[in-house]
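Reading through the structure tokens given below for one structure.
The values are calculated or read from the model by the stated rules, or taken from the named source; none is laboratory data. Given the structure is predicted, the values throughout are model-derived calculations rather than measurements. Cβ atoms come from the backbone with ideal geometry, glycine included; neighbour counts cover every protein chain shown.
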Amino acid sequence: MQNPNTNRKYVIGAMVLAVTALFMLRLFYIQVIDKSYQLSSNNNSRLRVVEYPGRGMIMDRYGKVLVYNEAVYDLLVLPQQAKQFDTLELCRILAMDPVELRESITKARDYSRYRQSAIVRQISPEQIASLNEKLFQFPGFSIQIRTQRKYPQAIAPHILGYVGEVNQGDINSDIYYQSGDYIGKSGLEAEYEPYLRGRKGIRFMMVDVHKRPQGNFENGRYDTIPEPGKKLTTTIDAALQEYGEKLLAHKKGSIVAIEPSTGEILALISSPAYDPNELVGRIRGKNFERLMSDTLNPLFNRATMSRYSPGSIFKIVQSLVALQLGVIDEYYSVDCNKDIIGCHDHPNAHGLREGIRYSCNPYFYNVFRRIILLGKSTSQFQDSQIGLKTWYQMVYPFGLGQILPVDLPGVKPGLLPDTDYYNRKYGGSRWAFSTIYSNSIGQGEIETVPIQIANLAAIIANRGYYYVPHLIKSIEGNDTIPLKFREPVYTKIDPKYFDIVTDGMQGVIYDAGGTGSRAQVPGITVCGKTGTVQNTGRKEDHSGFFAFAPRERPRIAIVAYVENSGTGGLYAATITSLMIEKYLNGTVTQLEKEQLILEYQQF
């Protein structure tokens, strides 16, 4: 007779086999198909360490180093391990306040007890040498190597800019950045950040249950190597830049020098300035606050942001527009009638060349009047509107009243008033030439920034066109600079008219009665124009001068402004002369001029 339990034995065996098969299938799925458990396990047993690349170096046009990197160190803490250590000893080594250290550790612990956080940044190599000897006394602490910027010549701070820690806006706008990363905040550091920053690397370390490193994870199979930033070669002539900063020391003002044939900026100086090394390392925060509160405003870039009336420099533009419109010719003459508009003492201007040489205000009052009052309407208001529209269309292509797309952040547009501007200002169209005549001599509502005036000098040197001023000459790994810097931008003026105004600009410097004789350079023909900028109700007028040289095949176009220093023919013209000689000849022989400028100090 068959045992009744036999079938039960087979059923139970089948059930055990089925359950075993299910477990085996589940284990196969977890270990082979579904990676989530493996990843979770890995995350619990490995430490992700970021390796930071060095930022790209910045060079001048001849390969001279303007910015390089030096090694600095961050002190990291893993709060879960940092339980007992000598706080006072650590503070002594790092030369920091114990309260500050405890606050940093608390902040790191609140962030995560099981993740490393930087609590002291940019430690000097000397401090690290002392710390390394005693690091074993501080459980949970480790050192991370990074780099910081170094400026061997301490020049060009407004060009180079500075680097600072990212804020939340930076993190939100680019997933590359995490808290504690650094980013270019101004100047070329900000403009070319994607090239200069490089690419971070990642190293994975095995850790035990207490998060202590136990070696590389899978022999570095998943590690990535940091990629250094690209080297940036600028258009700057470091020697010329340094000399210009020397000339402007203890003065308020700016200098911009451009190579007309390319638009390359040779020097861009703003004074007062600061040592770029002041905004590096652990002292950066305190120094930045001090510079921000400085009443001389050394962080402000006067070369690209200061808005001045162009003064008599603008008479060159008025001359070209009038010639192009045919409202005057080169022989147009005017008596210097000071009852119309104030002027200095000089002979009557016989022809446009003398009008420019003498910088005659009544002459250009009448030139502008002929531009604005074209006789297109019997109403002086309507006729002025028509004339101003035509004038605006002719002047705007000179790069005025607009932001020149220079490769620096924060460039200002100045102001070129049009009919809409005056309609808003006067509540309608009840304005006429008699309302706006101050623009004839570069006063009134017109405002320009120095880099626009340097570009204007380049336009005249090129006889009617310019290349957008720029600071980039090459980027490592890239064959060409951006297209916008390689395409000429043309004005609406026939090239034949530029020789007439160039004659007048040469006369400003070399002929009797010229207002810019101090701009002469031995052996070089310079063409230029003074621009005394009125500063009504404040201090003395600003001294402005722009020029290009040599007259044939010009190699430099330049503007200099010295605030509150009087007429343009004195300090600004002299600075321009010295800068031109320095660039074209390599040395300066006009030692009396140089001494005059160095001895003149405003603060």
Residue match in segment 354-372 (condition: assigned to a loop (DSSP other than H, G, I, E, B), free of Cβ contacts under 8 Å to residues at least 12 places away in the same chain and either outside the structural domain of E563 (by TED's automatic domain parsing) or small (G, A, S) (or both)): no
Search result, residues across segment 286-302 that are part of a loop (DSSP other than H, G, I, E, B) and either free of Cβ contacts under 8 Å to residues at least 24 places away in the same chain or more than 24 Å from K412 (Cα to Cα) (or both): D294, T295
Filter result for the condition that a residue is hydrophobic (A, V, I, L, M, F, W, C), outside the structural domain of V411 (by TED's automatic domain parsing) and crowded, with 19+ Cβ neighbours inside 10 Å, over I171, I202, I183: I183
Residue identified as at pLDDT below 85, charged (D, E, K, R) and either out of contact with any Asp or Glu (no Cβ under 8 Å at 6 or more places or on another chain) or surrounded by 16 or more Cβ atoms within 10 Å (Cβ to Cβ) (or both) among K64, K107, K83: K83
Complete set of residues in segment 303-319 that are farther than 18 Å from P413 by Cβ and either touching a Pro at 6+ places or on another chain (Cβ under 7 Å) or outside any helix (DSSP H, G or I) (or both): none
Matching residues, segment 462-496, being part of a loop (DSSP other than H, G, I, E, B), among the aliphatic types (A, V, I, L, M) and closer than 29 Å to G198 by Cα: V468, L471, I481
Unique match (being surrounded by 13 or more Cβ atoms within 10 Å (Cβ to Cβ) and among the acidic types (D, E)) among E193, E126: E193
Pairs where the first residue, in segment 324-353, is at negative phi and the second is polar (S, T, N, Q) and surrounded by fewer than 19 Cβ atoms within 10 Å (Cβ to Cβ), C-beta under 6 Å, 6+ apart: D335/N348; C336/N348; H350/S333
One residue from L325, L291 being under 19 Å from Y437 (Cβ atoms) and surrounded by fewer than 21 Cβ atoms within 10 Å (Cβ to Cβ): L325
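For (1) free of Cβ contacts under 8 Å to residues at least 24 places away in the same chain; (2) in contact with a Lys or Arg (Cβ under 6 Å, 6 or more places away or on another chain); (3) outside any loop (DSSP other than H, G, I, E, B); (4) assigned by TED's automatic domain parsing to the domain that holds K200, each residue gets a yes or a no:
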{"residue": "I119", "(1), (2), (3), (4)": "no, no, yes, yes"}
{"residue": "E133", "(1), (2), (3), (4)": "yes, no, yes, yes"}
{"residue": "F136", "(1), (2), (3), (4)": "yes, no, yes, yes"}
{"residue": "P152", "(1), (2), (3), (4)": "no, no, no, yes"}
Neighbours by Cβ (under 6 Å, 6+ apart or cross-chain): first from segment 453-476, β-branched (V, I, T); second part of a loop (DSSP other than H, G, I, E, B) and at pLDDT 95 or above: V468/G263; V468/P405; I472/D407; I475/K230
Sole exception among (1) surrounded by fewer than 24 Cβ atoms within 10 Å (Cβ to Cβ); (2) in contact with an Asp or Glu (Cβ under 6 Å, 6 or more places away or on another chain); (3) more than 22 Å from A267 (Cβ to Cβ) for T532, by number: (1)
Segment 342-355, residues that are within 19 Å of S438 (Cβ to Cβ) and not small (G, A, S): C343, H344
Conditions (1) buried (at least 24 other Cβ atoms within 10 Å of the Cβ); (2) not in a strand (DSSP E or B); number of the one not met by I258: (2)
Scope segment 81-117; condition closer than 18 Å to Q144 by Cα and touching a residue at least 40 places away in the same chain (Cβ under 8 Å); matching residues: Q81, A82, L90, I93, Y114, Q116, S117
Qualifying positions in segment 492-539 - over 13 Å from S359 (Cα atoms) and either of a type in the set (D, E, K, R) or not assigned by TED's automatic domain parsing to the domain that holds Y583 (or both): K492, D494, K496, D499, D503, R518, R538, K539
In segment 156-189, the residues that are out of contact with any Phe, Trp or Tyr (no Cβ under 9 Å at 6 or more places or on another chain) and under 19 Å from N277 (Cα atoms): A156, I159, G161, L188
